[in-house]
Amino acid sequence: LAWAEGQPNNPTDECILWDKQWPFAGGFAAGPRGTTWTPGTWDYDQCKYVNPKVWIGYSAPGGVAHFARVAVDGTVEETINVPNWSGQGYSPYGGALDPEFRPWMAGLRGEFIRINTDQNPITVDRFTPPGNTQGYGFTVDPDGNPWFAGCGGAVSTYDTDTMQYTSIPGTNACHRGIAADEKYVWAAANGPCGLAQIDRKTNTLVKFHNTNPCSTAIGVSIDAEKFVWLIDQEGWGWKIDPMNVPAMQKIDIAGSHYVYSDMTGGQL
């Protein structure tokens, strides 16, 4: 359906509960990009998480990045402003969640931040990686360490305990999407085209996998069953068993797909 057909004044699409227009500063570059869900709080009586939230990063004129906490009914509960945002003119580009349910947001080849939702009032920690990081795709691993898919550089990580950055030897490409599971980090790559598999405990490249065919490997995500999904922008995806990568299954998906981040919901 056309989007207008799902508006409240013409509710022909019953799947749309609400919609909200976010400031975009006159161009798509400053509109909402970085997004991550939090599961909410644990309710012992119901034995489940309740009141999940979504954090959205966007920019407005003046170089200020905005980070909004939104309830599932669309209510904007809080907005945190970060001045002098560094991200090549783009709004916060990538979002991820750490094991303590703290949202992280990263700028395109710029800074990254941690939103300390475990503090009251909420605070923000800002980090500036080395210039050669060239961060594009962004994720946080199960140990709470951020990873950067460098486009024009290596895959890199930041150790939150030692406060040290590490570039992974043997990775040099325009990396795009990136995701982490219990053992590995996976990064889509262009030039060469394929998928980098990295041991995140030893910070070493396990193998660079050349998919066939490979046009523009772009999005990577881990699903709830631990399968790795690699999306090629030109019309197909790969479902990958991390224990048997060569047996990856090609799935045709008509159209062009530009997708990053936690597209399967597996990280959440």
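According to the square roots a ≥ b ≥ c of the eigenvalues of the Cα gyration tensor, what is the shape class of the stretch 227-268, taking rounded for a/c under 1.5, prolate for a/b larger than b/c otherwise, and oblate for the remainder? It comes out oblate by the Cα gyration axes. Between GLN46 and ASP241, the contour length at 0.36 nm per residue exceeds the alpha carbon distance by 66.8 nm. With N counted as the residues of the stretch 111-268, its alpha-carbon radius of gyration over 2.2 N^0.38 Å works out to 1.02. In the structure displayed, which of LYS20/LYS239; LYS201/LYS239; LYS20/LYS183; LYS53/LYS250 lie more than 30 Å apart, Cα to Cα? Cα-Cα > 30 Å for LYS20/LYS239; LYS20/LYS183; LYS53/LYS250; rest within. The distance from the alpha carbon centre of the stretch 190-254 to that of the stretch 48-82 is 31 Å, rounded to a whole number. Might you work out the accessible area of SER256 for me, using a 1.4 Å probe with all protein chains in place, and round it to the nearest 10 Å²? For SER256, solvent-accessible area is about 80 Å².
Taking a ≥ b ≥ c as the square roots of the eigenvalues of the Cα gyration tensor of the chain, is the shape rounded (a/c under 1.5), prolate (a/b larger than b/c) or oblate? Here the chain falls in the rounded category.
Quick one: pull the percent of accessible area on the stretch 128-199 belonging to carbon and sulfur, 1.4 Å probe, ligands and nucleic acids left out. Here it works out to 47 percent. Of all aspartates and glutamates in the structure, the ones whose alpha carbon falls short of 12 Å from that of LYS226, not counting any fewer than 8 places away in one chain, are ASP181, GLU182, ASP241. Qualifying chymotrypsin sites (Phe, Trp or Tyr not before Pro) in the stretch 25-85, where qualification requires a DSSP coil assignment and no more than 16 other C-beta atoms within 10 Å, comprise TYR44.
In the full protein context, the stretch 10-143 carries 51 Å² of accessible surface per residue, based on a 1.4 Å probe and ignoring ligands, DNA and RNA.
The values are calculated or read from the model by the stated rules, or taken from the named source; none is laboratory data. Predicted, not measured: the structure shown is a model, and the values here were computed from it. Cβ: placed from backbone, ideal geometry, glycine included. Neighbour counts: every protein chain shown. These area figures cover heavy atoms from the full protein model, side chains too; ligands, DNA and RNA do not enter into them. Shrake-Rupley method; radii C 1.70, N 1.55, O 1.52, S 1.80 Å.
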